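This report refers to the structure that appears directly beneath it.
The values are calculated or read from the model by the stated rules, or taken from the named source; none is laboratory data. Model, not experiment: these values are computed from the prediction. Cβ atoms come from the backbone with ideal geometry, glycine included; neighbour counts cover every protein chain shown.
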Amino acid sequence: MDEHTTAQSDDGHAQTHVQEAAPQPRTAGGADTVTSAPVVAAQPAPAVRAVAGVPDADRMDGPAFRELFQMVGAMAFVGLLVAIGWHAAHYSGAWPY
């Protein structure tokens, strides 16, 4: 990284001086000594069956039903807005079809 300094000389001209930064020390492996940390490989968690022994595993639970109801409501809302826009475009004459 370079450090730039600007000064004004006696005759009024600006002078820029560039000072080179000292290189950072490195370890034998070539890694940066400041930011190096040991790297540990992550191990995947063992697979667990979530539905084992649950008698109603094929039924829809409350949060899933709520999410489905919310999605259907959002689709109905968008459809209503499209229908209102379609009617407004025809009624105004901007879209004569």
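A few points about this structure:
- Positions within the stretch 60-71 being surrounded by 10 or more Cβ atoms within 10 Å (Cβ to Cβ) and either assigned to a helix (DSSP H, G or I) or among the aromatic types (Phe, Trp, Tyr) (or both), in sequence order: Ala64, Phe65, Arg66, Glu67, Leu68, Phe69, Gln70, Met71
- Residue within the stretch 14-32 that is within 30 Å of the chain's Cα centre (by Cα), modelled with pLDDT under 85 and among the hydroxyl-bearing types (Ser, Thr, Tyr) present: no
- Selection of the stretch 41-97 for residues being charged (D, E, K, R) and modelled with pLDDT of 80 or more yields Asp61, Arg66, Glu67.
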